[in-house]
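Presented below is the structure to which this report refers.
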Amino acid sequence: MGKKVLIVDDDYAFSSFAKRLLEDNGMEAITASNGKDGLLMAEKEHPSLILLDIGMPGMNGYEVLELIKKTAETAQIPVILCSITKGPRDVEEGMSLGAAGFIPKPLNPKDSISKIKAILSGQGGNGNLG
């Protein structure tokens, strides 16, 4: 298996689809169903990248992202935010908190994999949230 990607999303169908998509493209995928578990898995598993849903109950994606970036063990892990909505506010807030990218839901497999691979290779940083 290739790079390890942590998927943090409360939607089981989305997580399953994203996991299969990543694995079909040579990556290892692990999942967490809420923000708290996502933080714990990020610290324990040290993934190469995190796909993080914005709209989760309890701790939302922005709160999780902020904690990831403030924790020494996880601060350098690139995070791609995922959401059904992609308004300017979503992108702006994600960028201000250190997101490496933004992928709209539902996932477009080709576009999503291209963005993930670009970020993993260091070619799709903070300026490329679209």
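FYI, it's all coordinate maths here, none of it is from the lab. Source: prediction; values computed, not measured. A quick note on method: Cβ atoms are made from the backbone with ideal geometry, for glycine too, and the neighbour counts reach across all protein chains shown.
Database remark: amide H of Ile7 closer than 5 angstrom to the amide H of Ile30, Thr31, Ala32, Leu51 (H placed geometrically; neighbours at sequence offset of 5 or more, or on other chains; Pro and chain starts carry no H). Of all lysines in the structure, those lying under 16 Å Cα to Cα from Lys36, and not within fewer than 8 positions of it along the same chain, are Lys44, Lys69, Lys70. Rounded to whole numbers, the Karplus 3J(HN,Hα) couplings from phi for region 22-39 are 5, 5, 5, 10, x, 10, 8, 10, 10, 10, 9, 9, 7, x, 4, 5, x, 4 Hz, using 6.51 cos²θ - 1.76 cosθ + 1.60 with θ = phi - 60°, and x at Gly and Pro.
Which whole-number percent gives the relative contact order of the chain, counting Cα pairs below 8 Å spaced six or more residues apart? Can you show the working numbers first?
Values: 231 pairs, mean separation 26.8, N = 130.
Averaging sequence separation for qualifying contacts and normalising by length gives 21 percent for the chain.
About its Cα centre, the dipole of region 1-40 is roughly 140 debye, where the only charges are +1 on Lys and Arg Cβ and -1 on Asp and Glu Cβ. Among all the aspartates and glutamates, which ones have a C-alpha under 14 Å from Lys105's C-alpha, if same-chain residues fewer than 8 places away are not counted? Within the straight-line cut-off, Lys105 pairs with Asp9, Asp10, Asp11, Asp53, Asp90. For region 1-60, relative contact order (Cα pairs under 8 Å, six or more residues apart, normalised by length) works out to 45 percent.
Gain in length, Arg20 to Thr71, computed as 0.36 nm per residue apart minus the alpha-carbon separation, to one decimal in nm? Here the segment from Arg20 to Thr71 would lengthen by 15.5 nm.
For the chain, the mean residue ellipticity at 222 nm estimated from helices alone is -13000 deg cm²/dmol, where every DSSP H run of n ≥ 4 contributes -39500 (n - 2.57) and the total is divided by all residues, rounded to the nearest 500. Amide hydrogen proximity for Gly2: with H placed 1.01 Å from N in the peptide plane, the residues at 5 or more positions away or on another chain lying under 5 Å are Met27, Glu28.
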